[in-house]
Amino acid sequence: MITYATYFATACFGLGFLMNLWKIATAEGVGDRVLALDTMVINAIALMILYGLSRSTEIFFEAAMIIAMLGFVSTVAYARFMLRGNIIE
């Protein structure tokens, strides 16, 4: 039963990933693209965790934590750039 749930969740998150990729390509404003990119990072994290769950290995959980930290820092950097025009003061 867990394998079917994993396949279904992978398909749903993969579809969400593709929708975010489409939004990044077609968005008019920079803010929409940053938001879509942040959501795409979340979907990538979920896909990595589901892959690690299906393969019964723990290395993907650690990689997902690293990607989560990098995604947070990049979103904050984009937001600061949009608000102030520079990242480092």
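Rule-based calculations on the coordinates, nothing more; no lab input. Keep in mind that this is a model prediction, so the values were computed, not measured. Cβ placement follows ideal geometry from the backbone for every residue including glycine, while neighbour counts extend to all protein chains displayed.
The table below gives the values:
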{"read-out": "Residue among ALA63, ALA36, ALA44 with the largest mean-square fluctuation in a Gaussian network model of the chain, springs linking Cα atoms under 10 Å", "value": "ALA63"}
{"read-out": "Stretchable slack from ALA11 to ALA79, in nm (0.36 nm times residue separation minus alpha-carbon distance)", "value": "21.4 nm"}
{"read-out": "Cα-based convex hull volume of the chain per residue, rounded to whole Å³", "value": "78"}
{"read-out": "GNM top mover of MET65, MET40, MET48 - the chain, alpha-carbon springs below 10 Å", "value": "MET65"}
{"read-out": "Loop GluC sites (Glu not before Pro), segment 1-66, which have at most 12 other Cβ atoms in a 10 Å radius of their Cβ (DSSP)", "value": "GLU28, GLU58"}
{"read-out": "Relative contact order [Cα under 8 Å, 6+ residues apart], the chain, whole percent", "value": "24"}
{"read-out": "Sites THR57 and ILE88 - FRET efficiency at Förster radius 41 Å, r taken between beta-carbons, to 0.05", "value": "0.60"}
{"read-out": "Degrees separating the helix 30-55 axis from the principal Cα axis of the chain, which is the longest one", "value": "20"}
{"read-out": "Between 0 and 90°, nearest 10: helix 59-84 axis offset from the chain longest Cα axis", "value": "20"}
